[in-house]
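Asks: Got a structure here, written out as structure tokens. Questions coming.
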Amino acid sequence: LLLALVFYLTPVFVMVNNGLKDATNVSLYTMWNLPETWTGGGFIEAWEKLRPNMINSIFMAVPATIISAMIGAVNGYLFSKWKFRGSDMLFTLMLFGFFIPYQSVLFPMVRFLQEIRLYGTTAGLVLVHVVYGLPVTSLIFRNFYANVPTELIEAARVDGAGLVSTFLRIMLPISIPAFVVVGIFQFTNIWNDFLFGVIVVQNPNAQPVTIALNNLSGSFSVDWNVVMAGAIVA
């Protein structure tokens, strides 16, 4: 385990080490050498350039994660404990969302966002990620609620609890482990998204941090200390 830890942390060390250097001291031959002066290197510049876009990513990732998790919890609850006619077929169709390539829906997605006047906005990105997150969030919560004894739901019905009150007062309080899993999965996926961010939002000042990080590399002259520091920051 210690050897595996060293192996996987070595690239992180290289990025942090060279991010702390000046641009003139970063090269393939000196990448293992420690910084000669500890002045912050490229971290200061990377933070100044990425900070606005990191705020954009927070405003995108946090609401999208919460909304998709809540809708996924409702879907999982209904598909596992309150089945209706055609529910299995509907759930199967929802799971097809796993296998739809993003590139195949870019044009209709953009046209739809334009129709509802959310194209080019953070709210449009939130909507896109909520929709694309529903298959996985619904699946996780459905599998979680399937392990809850059905007798618990039946006892709630006997006590007069309906569909909504059973969910709010019984199922939701015991769903913290599922929310943690969904939250980690959704937040990391949304935060690291590049394709939707660059397609939906054209204004560089409103784009998420992944696009801003890509723009740090420039076209001809690259300050690798800033790029590596920016990757760590992001």
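The values are calculated or read from the model by the stated rules, or taken from the named source; none is laboratory data. Source: prediction; values computed, not measured. All Cβ positions, even for glycine, are placed from backbone atoms using ideal geometry, and neighbour counts span all protein chains on display. Each accessible area value is taken on the protein alone, full model and side chains, heavy atoms only, with ligands, DNA and RNA left out. Shrake-Rupley method; radii C 1.70, N 1.55, O 1.52, S 1.80 Å.
Asks: What are the pairs with Cβ atoms under 8 angstrom where one residue, in the stretch 79-93, is farther than 20 Å from V164 by Cα and hydroxyl-bearing (S, T, Y) and the other, located anywhere, is part of a helix (DSSP H, G or I) and open to solvent by less than 60 Å² (accessible area, probe 1.4 Å)? Sequence gap at least six, or different chains.
Replies: Listed by first residue and then by second, the contacts come to nothing, as the list is empty.
Asks: Now, a different point. Looking only at the stretch 194-216, how many residues end up being farther than 14 Å from G120 by Cα and either of a type in the set (G, A, S) or open to solvent by 10 Å² or more (accessible area, probe 1.4 Å) (or both)?
Replies: So the answer is 7.
Asks: Related question: With the checklist (1) touching a helix residue (DSSP H, G or I) at 6+ places or on another chain (Cβ under 9 Å); (2) surrounded by fewer than 17 Cβ atoms within 10 Å (Cβ to Cβ); (3) part of a helix (DSSP H, G or I) in hand, flag the one item M31 doesn't pass.
Replies: Result: M31 fails condition (3) only.
Asks: If we scan the stretch 152-165, do we find a residue that is in contact (Cβ under 8 Å) with a residue 40 or more places away in the chain and either among the hydroxyl-bearing types (S, T, Y) or in contact with a strand residue (DSSP E or B) (Cβ under 6 Å, 6 or more places away or on another chain) (or both)?
Replies: Looking through the stretch 152-165, none of the residues is in contact (Cβ under 8 Å) with a residue 40 or more places away in the chain and either among the hydroxyl-bearing types (S, T, Y) or in contact with a strand residue (DSSP E or B) (Cβ under 6 Å, 6 or more places away or on another chain) (or both).
Asks: What are the pairs, 6+ residues apart or on separate chains, where a residue within the stretch 106-132 that is free of Cβ contacts under 8 Å to residues at least 24 places away in the same chain has its Cβ under 6 Å from a residue that is part of a helix (DSSP H, G or I)?
Replies: L118/G124
Asks: Within the stretch 13-24, can you find the residues that are surrounded by 11 or more Cβ atoms within 10 Å (Cβ to Cβ) and free of Cβ contacts under 8 Å to residues at least 12 places away in the same chain?
Replies: Within the stretch 13-24, F13 is the sole residue that qualifies.
Asks: Here's a check for you: in the stretch 41-54, which residue that is in a helix (DSSP H, G or I) and open to solvent by less than 80 Å² (accessible area, probe 1.4 Å) is nearest to F141 (Cα to Cα)?
Replies: Selected residue: M54.
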